[in-house]
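Below is one structure, written out as structure tokens, with a few remarks after it.
Readers should treat all values here as calculations from the given coordinates under stated rules, not as data from a laboratory. Source: prediction; values computed, not measured. Here Cβ is always computed from backbone atoms with ideal geometry, including for glycine, and neighbour counts include all displayed protein chains.
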Amino acid sequence: MVRRFHAFTIFALGSVATMAIGVPATDARPQTEPAAPQQISVRFANIFADHAVLQRDRPIRIWGSAAPEEIVTVRLNNAIANARTDRDGHWQVSLPAMEAGGPYMLTAMADGVTSRISDVMIGDVYLCSGQSNMEFPAKLSTGAWGGLEQAPRPDLRFAIIPNRSEATAQSDLAKRADWQVVGPASVGEASAVCYYMASALQKRLGIPVGFVSADWGGTTIQSWISTTALSNLDKYREGERIVALMATDPTAARKAEQARRDRWWNANIPSARAHLAWAAPGFDDSGWPTVVPKSGWTRWGQPDLAGFNGVLWYRTSVDLTAEQAAAGQKIELGPIDTVDDVWVNGQWVGGGGVEWMWRSYALPGALLREGRNTIAVRALSRGKEGGMTGLPDNRGIRLTDDTLVPLGPGWRYQRGASVPSDLKPLTPPPWEPPQSLSTLYNGMIAPIAGYGFRLAAWYQGESNAGEAGEYATLLPMLMADWRKQFDSPDLPFLIVQLSSFGKPTATPEQSGWAELRDVQAKVARADPHAALATSIDHGDPGDVHPPQKKVVGERLARAARAIVYGENVTPSGPYAADIRRDGDDLMVRFADSDGGMQSYSGNVATGFQACDIGNDCRYVAGTVEGDSVRLSGANRPGVVKLRYGWSDAPFLNLFGKNGLPAIPFERAID
């Protein structure tokens, strides 16, 4: 499997594909009995595949499909269970809990036909999810150049859930899971953070371990929460209605989305209504300049576009044969900065609002015609590259056989209205990743909700920075939602706290990243089955994807040792247990330091801010005294709260004797 890092493609909602069982895994243990090809009469759900790991010490749920009203017999490790399919052909059995072991053969038989899944292990299974820092592949992590694994590890396996966005919750994955044994040829594509966590735990436990990664770069937390849960919030109820409409009546959903976008354009851009004539097939654009857009308009060398914040229209055409017109499925345009609306032959077909997402819009039937077809694109950018930023070869009409009919390099363009840099953005359609509502839960989590997991690791939040107040509701909601869907009320959640990223500052200021980090820490501390893994000391101010993933994975493993396996270790770094006034000073006592605090590179602890009621904050220096830090002179009149590490990319040197960094915080002072 080739793992995609930064998923730029918008997947068509409702797409379904299947793949037969029996695909060999790289570095897999040889089997004496090969797996049989998948039979139509009885099949397993797609999460079950050769080389899978099933959760030990709890009943094992197995499900799939066969002919309606058929008796299905399932066998695993001398355990047998029977089920009768319902009228839709679905079946499910529960096998008794089993100890760690394997390899085993998992079989399902119906009507005299048997389907087999080979090389199945029983052990612990971990679910890893989030956005691009969880998606980040092991082959790009620090130290990977020397080789991640020197030999196959039959007791460590992984599966990657393919990116899939759906308008409704799916009962199965789009294709068969590709479970692989970790080894030199396979591990590079695995989630780095998930791999390092699972590897550390497997070595410690000495049992089979499997890890499943379901992640998508750039996504918000709202994409990963079920419709049932997210619809409890008034803010998302209408958006969820439109997403559901996309499943039952795509034409009506697109009309509703077009109307919403038209309202925004007409309210914010006075010329928008008049300029819609530029989308018409018969519009005469012969007087417009021509360009071959290989980059955004600010890089074309045109003085009037060099610093242009506003709207630019593009027009081109493509000639199709009758066969191509009948087979046209989508128009693909590559990334567009930032907002776009697209018309084909005068009909609006889609619009987006995330600059790095590849635009791929479904084409209604009979829209394309033999001969000349006209494409118009309206793009709006504010202070960025501007418009179509990809290569010409990425733009074309995608046919049913997956070939791309290129649009050709040449376009005509016309500048539209300028816009202020503080213009309120137009949000993307509610079904469009990476800011969709529930669609990634529907396509990537719901299909595996019956699978047994020992823990869930969550690395996400970068795309929700600036929304800390809402995240304080959404993160516990996601945790409760998944626990319910997985029928595991105490499912442990391990939360990776956001790393440092952004421009360092010399003076205290508000920070959306700091606020979100604080929410992550508070949510973890309030939940008895959750723990935090901080990564504040291994970030990169210039790279939102810091490559030192081994540290993060091993900190997740440490957290798991504490809250999952009951070891006597502190799960996270030192946290501020209490703050008290001591004369002119403030004293901060830290818990979970394992023997006291220490400041690296000198005896001054940096990163503290004392703030008054109006959020006028000043940096204050600290000195370590055992498990506490004294902030000399910080107890000035009016100081009501204390912050630590409160910026996007703070410089911090305070650690516990356990080598873990102090967790950033903001706390009121009594």
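Nothing charged except the Cβ atoms of Lys and Arg (+1) and of Asp and Glu (-1): what's the magnitude of the dipole of region 272-418 about its Cα centre? Round to the nearest 20 debye.
Values: 15 positive and 15 negative charges, 79 e Å.
Result for region 272-418 is approximately 380 debye, rounded to the nearest 20.
Over region 575-668, what relative contact order in percent results from Cα pairs under 8 Å that are six or more residues apart? It comes to 33 percent, rounded to a whole number. Just add up the charged neighbours of Arg561: K/R +1, D/E -1, any other residue whose Cβ is under 11 Å from the Cβ of Arg561. It works out to a net charge of +1. When the listed pairs Lys294/Lys330; Lys203/Lys522; Lys175/Lys330; Lys235/Lys550 are checked against a 29 Å cut-off, the alpha-carbon distance exceeds it for Lys203/Lys522; Lys235/Lys550.
Using the alpha-carbon positions of region 493-648, Rg (one decimal) and Dmax (whole number) come out as 16.1, 47 Å. With the cut-off at 1.5 for a/c, could you classify region 389-532 from its C-alpha gyration tensor as rounded, prolate or oblate? It comes out oblate by the Cα gyration axes.
What's the magnitude of the charge dipole for the chain around its Cα centre, counting Lys and Arg as +1 and Asp and Glu as -1 at the beta-carbon? Answer in Debye, nearest 20. Can you show the working numbers first?
Details: 65 positive and 71 negative charges, 64 e Å.
So the dipole magnitude of the chain works out to roughly 300 debye.
Give the dimensionless ratio obtained when the Cα radius of gyration of region 575-668 is divided by 2.2 N^0.38 Å. Rg over 2.2 N^0.38 Å, computed on Cα atoms: 0.99. Straight-line reach only, C-alpha to C-alpha below 23 angstrom: list the lysines that Lys503 could link to, leaving out same-chain residues fewer than 8 apart. Here the lysines satisfying the reach criterion relative to Lys503 are Lys384, Lys549.
The value of relative contact order for the chain, using C-alpha pairs under 8 Å at least six residues apart, is 13 percent. For the peptides 280-289, 98-107, the ranking by packing is 98-107, 280-289, with the highest mean count of neighbouring Cβ atoms within 10 Å listed first.
Pairs of C-alpha atoms in region 613-670 farther apart than 20 Å represent 27 percent of all such pairs.
Residue exposure proxy: Asp592, Asp88, ordered by other Cβ atoms within 10 angstrom of their Cβ from fewest to most, comes out as Asp88, Asp592. For Ser271 and Lys424, the FRET efficiency from 1/(1 + (r/R0)^6), where r spans their Cβ atoms and R0 equals 30 Å, is about 0.95. In percent, rounded to a whole number, the relative contact order of region 272-418 is 37, using alpha-carbon pairs under 8 Å and six or more apart.
With a cut-off of 10 Å between beta carbons, the residues surrounding Pro68 carry a summed charge of -2, where Lys and Arg count +1 and Asp and Glu -1. As a size descriptor, the averaged projected area of the C-alpha convex hull of the chain was calculated at 32.6 nm². Over the chain, DSSP H runs of length four or greater, each weighted -39,500 (n - 2.57), average out per residue to a 222 nm ellipticity of -5000 deg cm²/dmol. Give the residues of region 218-262 whose amide nitrogen is closer than 17 Å to a point set 7 Å from the Cα of Ala366 in the direction of its Cβ. Inside the label zone: 250-252. If you model region 241-304 as an ellipsoid using its alpha carbon gyration tensor, with each semi-axis the square root of five times an eigenvalue, the axes come out at 31, 16, 14 Å, biggest first. The equivalent ellipsoid that matches the C-alpha gyration tensor of region 289-380 spans semi-axes of 26, 15, 10 angstrom, in descending order.
Sorted on the mean count of surrounding Cβ atoms within 10 Å across their residues, most packed first, peptides 609-618, 223-232 read 223-232, 609-618. Per-residue Cβ neighbour counts within 10 Å put Thr220, Thr248 in the sequence Thr248, Thr220, beginning with the fewest.
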